[in-house]
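Asks: Take this structure, written in structure tokens, and hold onto it; I'll ask about it next.
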């Protein structure tokens, strides 16, 4: 049986300042691009309908989230969040901050769409790729 060796692999974690800068750029992107395009007004329906687009950090992952409100009679007014895109920070990239752009499939599992892209490239993909449309 071969001997297993453990090796230390250096990683570049995001600093709190970098996380704040990324969050600020993404919040501006949501306010100036996503909301005007996909949610210019809230239109209640008899089904689930979008009421907000927001974001959330979780460790080194930054998720874009749509908040839905139910219009069904049995649970009218209840709200829930549905993530639609996620930026996974690549800790193995030292020369620049890079992300893997993930898409939430209908199966509830994340799917890698674009590997090792800059924040600007990732936001451009979210704005233009139909598969990443929030609503």
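The values are calculated or read from the model by the stated rules, or taken from the named source; none is laboratory data. All of these numbers come straight from a predicted model, not from anything done at the bench. Positions of Cβ are generated from backbone atoms using ideal geometry, with glycine treated the same way; all protein chains shown enter the neighbour counts.
Asks: Does residue 119 qualify as being touching a helix residue (DSSP H, G or I) at 6+ places or on another chain (Cβ under 8 Å) and on the phi < 0 side of the Ramachandran plot? Give the derivation first.
Replies: Working: touching a helix residue (DSSP H, G or I) at 6+ places or on another chain (Cβ under 8 Å): yes; on the phi < 0 side of the Ramachandran plot: yes.
It is true that residue 119 is touching a helix residue (DSSP H, G or I) at 6+ places or on another chain (Cβ under 8 Å) and on the phi < 0 side of the Ramachandran plot.
Asks: Still on this structure, please answer the following. Scan 33, 97 and give me the residue that is outside any strand (DSSP E or B), touching a helix residue (DSSP H, G or I) at 6+ places or on another chain (Cβ under 7 Å), under 21 Å from residue 121 (Cβ atoms) and modelled with pLDDT under 95.
Replies: Working: 33 fails: modelled with pLDDT under 95.
Unique residue meeting the criteria: 97.
Asks: Would you call residue 100 without any contact (Cβ under 8 Å) to a residue 60 or more places away in the chain and under 20 Å from residue 32 (Cβ atoms)?
Replies: Details: without any contact (Cβ under 8 Å) to a residue 60 or more places away in the chain: yes; under 20 Å from residue 32 (Cβ atoms): no.
So residue 100 does not fit the description; no.
Asks: So is residue 86 free of Cβ contacts under 8 Å to residues at least 12 places away in the same chain and within 21 Å of residue 105 (Cβ to Cβ) or not?
Replies: On the way: free of Cβ contacts under 8 Å to residues at least 12 places away in the same chain: no; within 21 Å of residue 105 (Cβ to Cβ): yes.
No; evaluated as a whole, the condition is false for this residue.
Asks: Let me ask something else about it. Can residue 71 be described as exposed (fewer than 11 other Cβ atoms within 10 Å of the Cβ) and farther than 22 Å from residue 129 by Cβ?
Replies: On the way: exposed (fewer than 11 other Cβ atoms within 10 Å of the Cβ): no; farther than 22 Å from residue 129 by Cβ: yes.
So residue 71 fails the test.
Asks: Right, something else. Given the condition in a helix (DSSP H, G or I), over 14 Å from the mean Cα position of the chain (by Cα) and closer than 22 Å to residue 121 by Cα, answer yes or no: does some residue in the stretch 6-13 qualify? Lay out the reasoning, then the answer.
Replies: Of the residues in the stretch 6-13, the ones in a helix (DSSP H, G or I) are none.
No, the conditions are met nowhere in the stretch 6-13.
Asks: Just to be sure, is residue 113 buried (at least 16 other Cβ atoms within 10 Å of the Cβ), without any contact (Cβ under 8 Å) to a residue 24 or more places away in the chain and touching a helix residue (DSSP H, G or I) at 6+ places or on another chain (Cβ under 8 Å)?
Replies: Numbers: buried (at least 16 other Cβ atoms within 10 Å of the Cβ): yes; without any contact (Cβ under 8 Å) to a residue 24 or more places away in the chain: yes; touching a helix residue (DSSP H, G or I) at 6+ places or on another chain (Cβ under 8 Å): yes.
Taking the combined requirement at face value, the residue satisfies it.
Asks: Look through the stretch 94-110, keep the residues that are surrounded by 14 or more Cβ atoms within 10 Å (Cβ to Cβ) and over 13 Å from the mean Cα position of the chain (by Cα), and return whichever of them is nearest to residue 66 (Cα to Cα).
Replies: Going through the stretch 94-110, the residues surrounded by 14 or more Cβ atoms within 10 Å (Cβ to Cβ) turn out to be 97-104, 110.
From what is left, the residues that are over 13 Å from the mean Cα position of the chain (by Cα) are 97-98.
Working: 97: 25, 98: 24 Å.
This residue is 98.
Asks: If you check every pair at least six apart or on different chains, which have Cβ atoms under 9 Å apart with a residue in the stretch 15-30 that is touching a residue at least 12 places away in the same chain (Cβ under 8 Å) first and a residue that is in a helix (DSSP H, G or I) and surrounded by 12 or more Cβ atoms within 10 Å (Cβ to Cβ) second?
Replies: Listed pairs, sorted by first residue: 22/119; 25/119; 25/123; 26/119; 26/123; 29/123; 29/126; 29/127.
Asks: Let me ask another. Would you mind stating whether residue 53 is touching a strand residue (DSSP E or B) at 6+ places or on another chain (Cβ under 8 Å), part of a helix (DSSP H, G or I) and surrounded by 10 or more Cβ atoms within 10 Å (Cβ to Cβ)?
Replies: Values: touching a strand residue (DSSP E or B) at 6+ places or on another chain (Cβ under 8 Å): yes; part of a helix (DSSP H, G or I): no; surrounded by 10 or more Cβ atoms within 10 Å (Cβ to Cβ): yes.
Criteria not met by residue 53.
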